[in-house]
Amino acid sequence: MAAATSDFSAESSTHQTKVTTIKSLSESGLTSLPSSYVWKHINDRPILDSSEDSFPIIDFSLLASSNSQQRCKAIQDLGQACEEWGCFLLINHSFPVSLINRMMEGVKGFFNLSDEEKREFQGKHLSDPIKCGSSMNNTTEVKSWRDFLKVFVHPEFHFPHKPAGFSDTAFEYFKLMGEITWELLNGVSESLGLEPNYIYKATNRESSFQVFIANLYPPCPEPEHALGLLPHSDHGLLTIVAENISGGLQTLHNSKWVKVNAPPNALMVNTGDLLEILTNGKYKSNVHRAVLHINTTRTSMVTIDGPSTDQLISPAPELVDETHPPAYTSITYKEFYALQQSTSFDRETVLDHLRIPS
């Protein structure tokens, strides 16, 4: 590894302009990695290719099929993926590729806005519905190599009004995303032996809290020593991810990191922390991380779908008995979100704080 710089100067030595984003840092001609981005544990576990480990793939068209036999098999496969992996690739979904591409172009346009234009969307508080920024402003010991846009899109739709047309595309995108998520959650309910609309009712889905996060991972001078996002799990029920290039996501399975190599147009789906609580630990939330490239910019569009913010989430009574007592204390999504976003807990182990000792 090249000697890491102690920190990158806030001023570019060439243009004497302030570097405020990872994108501008990457474009500055940097040849070695600032020490604050070096992740010492990046090779702490073996790394496998998804083709080596039978990565689960769910065919959405079968899950929504009128053929009861096909749908039953798809629900069984969905339950197995949630229980054994906490994630899966979704194929043959109803998302038009053209809509995903338009959304991706909007994300690209947003990150290409000038610093001055983006400043109005910076946000300062956890509750701000629109917030963009960069991990270089984090106070954590190790920083992630990414810029981000985070928006609350449901129950009230918020979105930046720049670039032109981005908000209209997003409204169309999340309407369809909600329909796909609803079908997936119905399938999850049935895979648990519950009524199809069980999760819908238990989480007050009509007022569900939905967060959109666009992540920009610019080229990194030493990608083997940094991460776009450190290992973490997501805070909602289900997370659906679309990306411009495959190969940037790794998921933790059987104490090994597995590279997710998605086929064209597939969506990645992760189970979240609140689904683990609701299923009384039967479906584990998925720990994953984002890796980097030396010459390529990767962009991901992440939609986290959860309960209503004030809805109390606890293990489903139907999944609790003498053999399987309640594994977690009850908590609202609002409380959990604040806990997960705080710096008081390791993001890999927030659920440990809520776990009831056996």
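The values are calculated or read from the model by the stated rules, or taken from the named source; none is laboratory data. If you're wondering where the values come from, they're calculated on a predicted model, not measured in any experiment. Cβ atoms come from the backbone with ideal geometry, glycine included; neighbour counts cover every protein chain shown. Accessible surface areas use protein heavy atoms only, side chains included; no ligands, DNA or RNA. Shrake-Rupley method; radii C 1.70, N 1.55, O 1.52, S 1.80 Å.
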What are the residues in region 166-185 that are touching a residue at least 24 places away in the same chain (Cβ under 8 Å), open to solvent by 40 Å² or more (accessible area, probe 1.4 Å) and either under 23 Å from ASP234 (Cβ atoms) or not in a helix (DSSP H, G or I) (or both), if any?
GLU179, GLU183
Give me the strands (runs of 3 or more DSSP E) completely within region 46-95, filtered to those with at least 1 residues that are under 26 Å from GLY248 (Cα atoms) and either without any contact (Cβ under 8 Å) to a residue 40 or more places away in the chain or aromatic (Phe, Trp, Tyr) (or both), ordered by residue number.
57-59, 87-91
Quick one: count up the residues across region 79-94 that are open to solvent by less than 10 Å² (accessible area, probe 1.4 Å) and within 17 Å of VAL241 (Cβ to Cβ).
7
Residue match in region 264-283 (condition: in contact with a helix residue (DSSP H, G or I) (Cβ under 7 Å, 6 or more places away or on another chain) and over 30 Å from SER54 (Cα atoms))
no
Has region 340-358 got at least one residue that is open to solvent by less than 70 Å² (accessible area, probe 1.4 Å), touching a Lys or Arg at 6+ places or on another chain (Cβ under 9 Å) and not in a helix (DSSP H, G or I)?
no
Some residue of region 306-313 being of a type in the set (Val, Ile, Thr), farther than 15 Å from PHE88 by Cα and touching a residue at least 60 places away in the same chain (Cβ under 8 Å):
yes
On the basis of being open to solvent by 10 Å² or more (accessible area, probe 1.4 Å) and either polar (S, T, N, Q) or in contact with a Cys (Cβ under 7 Å, 6 or more places away or on another chain) (or both), does SER285 make the cut?
yes
If a residue must be assigned to a loop (DSSP other than H, G, I, E, B) and within 19 Å of the chain's Cα centre (by Cα), how many such residues does region 129-154 contain?
6
Kindly list the number of the only condition in (1) open to solvent by less than 20 Å² (accessible area, probe 1.4 Å); (2) at pLDDT below 95 that fails for LEU230.
(1)
Determine, yes or no, whether VAL260 is of a type in the set (Val, Ile, Thr) and within 28 Å of LEU25 (Cα to Cα).
yes
Return the residue satisfying two criteria in turn: it lies in region 33-66 and is modelled with pLDDT under 95 and of a type in the set (S, T, N, Q), and of such residues it is surrounded by the fewest Cβ atoms within 10 Å (Cβ to Cβ).
SER66
Here is a check on your reading of the model: is PHE157 hydrophobic (A, V, I, L, M, F, W, C) and open to solvent by 50 Å² or more (accessible area, probe 1.4 Å)?
yes
Filter region 113-127 down to the residues that are without any contact (Cβ under 8 Å) to a residue 40 or more places away in the chain and open to solvent by 40 Å² or more (accessible area, probe 1.4 Å) and list them by number.
SER114, GLU116, ARG119, GLU120, GLN122, LYS124, HIS125, SER127
Report yes if ARG102 is open to solvent by 60 Å² or more (accessible area, probe 1.4 Å) and either within 30 Å of SER167 (Cα to Cα) or not in a loop (DSSP other than H, G, I, E, B) (or both), otherwise no.
yes
Picking from ILE304, ILE277, which residue would you name as being in a helix (DSSP H, G or I), modelled with pLDDT of 95 or more, among the β-branched types (Val, Ile, Thr) and crowded, with 20+ Cβ neighbours inside 10 Å?
ILE277
For the list (1) open to solvent by 10 Å² or more (accessible area, probe 1.4 Å); (2) farther than 15 Å from ARG355 by Cα; (3) touching a strand residue (DSSP E or B) at 6+ places or on another chain (Cβ under 6 Å), I need the number of the one condition that SER330 fails.
(2)
May I ask you to say which residue of VAL188, VAL211 is assigned to a strand (DSSP E or B) and within 20 Å of the chain's Cα centre (by Cα)?
VAL211
Please count how many residues of region 246-260 are within 16 Å of the chain's Cα centre (by Cα) and surrounded by fewer than 19 Cβ atoms within 10 Å (Cβ to Cβ).
2
